[in-house]
1. Please give, to one decimal in nm, the separation of the simple spin-label points placed at Phe28 and Asp74, each 7 Å out from Cα toward the Cβ.
2. Mind putting a number on the dipole of the chain about its Cα centre? Charges go on the C-beta only, +1 for Lys and Arg and -1 for Asp and Glu, and I need it in Debye to the nearest 20.
3. What order do you get for Trp30, Trp2 when you list them from fewest to most C-beta neighbours inside 10 Å?
4. Along the positive direction of the dipole of the chain (beta-carbon charges: Lys, Arg +1; Asp, Glu -1; about the Cα centre), which of Thr42, Asn76, Gly11 reaches farthest?
5. Run the quick spin-label model on Glu66 and Phe47: label points 7 Å from Cα toward the beta carbon, then report their separation in nm to one decimal.
6. Radius of gyration and Dmax for the chain's Cα atoms, expressed in Å?
7. Ranking Asp74, Asp38 by Cβ neighbours within 10 Å, fewest first, what do you get?
Amino acid sequence: MWRVRTDQELGELCKDLDIVADIKRKRFEWMGHVARTDQGRTVKEIFESKAEGNRRRVRPRLRWMEDVEKDLRDMNFKRWR
């Protein structure tokens, strides 16, 4: 049976795990994997491309790469490419 768990229940299940740090680590692993792939692969082309056109006028949603770059800045990485 599925149910929504409380923060306290999740904390007891995870104990000392830092979920945010784990998510950031996985994000960096994926970025490194994509950066090392061969040219011409679809994932690599998307990773290196820049979106064209205008974004909506409402508050823009964060893109995956913007989030990764923010994490890298927080960790004081200057030039990672």
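Just so you know, all these numbers are worked out from the coordinates, no wet-lab data involved. Note that the coordinates shown come from a computational prediction; the quantities given were computed from them, not determined experimentally. Cβ placement follows ideal geometry from the backbone for every residue including glycine, while neighbour counts extend to all protein chains displayed.
1. Roughly 1.2 nm, to one decimal.
2. Working: 22 positive and 16 negative charges, 109 e Å.
That gives the chain a dipole magnitude of about 520 debye.
3. The order, fewest Cβ neighbours first, is Trp2, Trp30.
4. Thr42
5. About 2.1 nm, to one decimal.
6. Both quantities, over Cα of the chain: 17.3, 48 Å.
7. Values: Asp74 9, Asp38 6.
Ranking Asp74, Asp38 by Cβ neighbours within 10 Å, fewest first, gives Asp38, Asp74.
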